[in-house]
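Step one of this worksheet: look at the structure below.
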Amino acid sequence: FGYGGGVIGRYCDQPEQFPGVAHFHTVRVAQPSGKYYTSDYLRSIMDIWDLRGSGLTNMHGSTGDIVLLGTTTPQLEEIFHDLTHNLNTDLGGSGSNLRTPADCLGKSRCEFACYDTQDVCHTLTNDYQDELHRPAFPYKFKFKFDGCPNGCVASIARSDFSVIGTWKDDIRIDQERAKAYVAGEFKAGGGSHAGRDWGKFDIVAEVVDRCPTGCMSYDGAKLTIDNSNCTRCMHCINTMPAALKIGKETGASILCGAKAPILDGAQMSSLLVPFIIVENPYDEIKEVIENIWDWWMEEGKNRERVGETIKRLSFQRLLEVTNTKAM
């Protein structure tokens, strides 16, 4: 009762002819950070849905959420009660509101993670419950949190507000291990292509020449990186993870404005804040978010994503209203 988001109403326009699908509402349920589940929790979700819905699910929607497909209006309150009171789980977002935040595995499993994606995702999900459940925006707004530039949740392409882990200092190089890769003592890519014989590892052809800015060199004994020209594409680190590590001064970049093709076609995020320290309670990140919302809710047209508002009114205007020039 009182929640505008989380339930997508579906009605058949010929209910007399198809009574079994006269109602077929979709329920979006907030996924846990990193999408970690226990088997008991999944069984409990399925028990609810077998009892009160169609039993059909989508794990997960294209940009997050446990998606439960097909139930009737009288079951909605019962589903919400069971989720919140028995499973300590809330509904996700749908409609013109904040959509359910999503993140990668982060520091729980990944050595490349530059900040704790799970904590920031969980914290902001709780802090912005009102924006998740009560649509007040011109259109949808998505957060996504990538722990490093590998972008495992594709935040740069699929979210209005992308937080992508990065580092300020140099890539760390273990020269002895770099030589070990050349000697074949380590498998490139952690052995990810071991199913086929690709021949002897060639550090120049497979790493140096594939650097998009040409900032790497190898003289037969020493690997060198011109970090001032490094774009942190992660290719060299992914290929030789035992020899190359992300820097120690870690944080994140904030980008804004990605969207799928609705009005003007697909659009990638644009860099808003080059580097920010990501630490709980995340007040600096929330300040940027809320400044964007205040401006977008005032200036955005109906069904206009924030990226389209930026395109219409200029990125310079976004920098001014978010006060990110000083960051």
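The values are calculated or read from the model by the stated rules, or taken from the named source; none is laboratory data. On a predicted model such as this, the values are computed, not experimentally measured, just so you know. Here Cβ is always computed from backbone atoms with ideal geometry, including for glycine, and neighbour counts include all displayed protein chains. Surface areas here come from the heavy atoms of the whole protein model, side chains and all, with no ligands, DNA or RNA. Shrake-Rupley method; radii C 1.70, N 1.55, O 1.52, S 1.80 Å.
Observations, loosely collected:
- Put simply, of I285, I254 the only residue that is among the hydrophobic types (A, V, I, L, M, F, W, C), out of contact with any Leu (no Cβ under 6 Å at 6 or more places or on another chain) and not in a loop (DSSP other than H, G, I, E, B) is I285.
Yes/no per residue for (1) closer than 17 Å to S162 by Cβ; (2) in the same structural domain as D294 (by the TED database); (3) within 13 Å of the chain's Cα centre (by Cα); (4) not in a loop (DSSP other than H, G, I, E, B):
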{"position": "M59", "(1), (2), (3), (4)": "no, no, no, yes"}
{"position": "L68", "(1), (2), (3), (4)": "no, no, no, yes"}
{"position": "T71", "(1), (2), (3), (4)": "no, no, no, no"}
{"position": "E78", "(1), (2), (3), (4)": "no, no, no, yes"}
{"position": "K107", "(1), (2), (3), (4)": "no, yes, no, yes"}
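- Residue selected from region 203-235 under the condition touching a helix residue (DSSP H, G or I) at 6+ places or on another chain (Cβ under 7 Å) and in a loop (DSSP other than H, G, I, E, B), by the criterion surrounded by the most Cβ atoms within 10 Å (Cβ to Cβ): V207
- Of residues in region 1-14 being in a loop (DSSP other than H, G, I, E, B) and either closer than 19 Å to Q129 by Cβ or basic (K, R) (or both), the one most open to solvent (accessible area, probe 1.4 Å): F1
- Selection count where residues are open to solvent by less than 70 Å² (accessible area, probe 1.4 Å), within 12 Å of L68 (Cα to Cα) and free of Cβ contacts under 8 Å to residues at least 60 places away in the same chain, scope region 27-54: 7
Residue by residue, here is whether (1) more than 22 Å from the chain's Cα centre (by Cα); (2) in a helix (DSSP H, G or I); (3) not assigned by the TED database to the domain that holds F137 holds:
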{"residue": "E16", "(1), (2), (3)": "yes, no, yes"}
{"residue": "G20", "(1), (2), (3)": "yes, yes, yes"}
{"residue": "R28", "(1), (2), (3)": "no, no, yes"}
{"residue": "Y37", "(1), (2), (3)": "no, no, yes"}
{"residue": "D40", "(1), (2), (3)": "yes, yes, yes"}
{"residue": "D50", "(1), (2), (3)": "yes, yes, yes"}
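- On inspection, R158 qualifies as buried (at least 16 other Cβ atoms within 10 Å of the Cβ), within 30 Å of E304 (Cα to Cα) and of a type outside the set (A, V, I, L, M, F, W, C).
- In region 176-202, the residues that are open to solvent by less than 50 Å² (accessible area, probe 1.4 Å) and either on the phi < 0 side of the Ramachandran plot or in the same structural domain as C114 (by the TED database) (or both): A178, A180, Y181, V182, A188, F201
- Beta carbons closer than 7 Å, at least 6 apart along the sequence or on distinct chains, pair a first residue in region 195-215 that is farther than 12 Å from H235 by Cβ with a second that is modelled with pLDDT of 95 or more and not polar (S, T, N, Q) for F201/Y181; F201/V182; I203/Y181; I203/V182; I203/Y218; V204/Y218.
Table: residues versus (1) more than 19 Å from N291 (Cα to Cα); (2) of a type outside the set (A, V, I, L, M); (3) open to solvent by 20 Å² or more (accessible area, probe 1.4 Å).
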| position | (1), (2), (3) |
| --- | --- |
| R99 | no, yes, yes |
| D103 | yes, yes, no |
| C114 | yes, yes, no |
| Q118 | yes, yes, yes |
| H122 | yes, yes, yes |
| H133 | yes, yes, no |
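- Some residue of region 237-245 being more than 30 Å from E308 (Cα to Cα), polar (S, T, N, Q), modelled with pLDDT of 95 or more and open to solvent by less than 30 Å² (accessible area, probe 1.4 Å): yes
Yes/no per residue for (1) touching a Cys at 6+ places or on another chain (Cβ under 7 Å); (2) at pLDDT 95 or above; (3) open to solvent by less than 80 Å² (accessible area, probe 1.4 Å); (4) in a loop (DSSP other than H, G, I, E, B):
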{"site": "L263", "(1), (2), (3), (4)": "no, no, no, yes"}
{"site": "V273", "(1), (2), (3), (4)": "no, yes, yes, no"}
{"site": "N291", "(1), (2), (3), (4)": "no, yes, yes, no"}
{"site": "W295", "(1), (2), (3), (4)": "no, yes, yes, no"}
{"site": "E308", "(1), (2), (3), (4)": "no, no, yes, no"}
{"site": "E320", "(1), (2), (3), (4)": "no, no, no, no"}
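- Those residues of region 76-97 which are closer than 14 Å to I66 by Cα and either touching a helix residue (DSSP H, G or I) at 6+ places or on another chain (Cβ under 9 Å) or crowded, with 22+ Cβ neighbours inside 10 Å (or both), in sequence order: I79, L83, L87, T89, D90, L91, G92, G93, S94
- Of the criteria (1) within 27 Å of I156 (Cα to Cα); (2) in contact with a helix residue (DSSP H, G or I) (Cβ under 7 Å, 6 or more places away or on another chain), which one R52 fails: (1)
- Per-region count, region 140-152, residues in contact with an Asp or Glu (Cβ under 9 Å, 6 or more places away or on another chain) and open to solvent by less than 20 Å² (accessible area, probe 1.4 Å): 6
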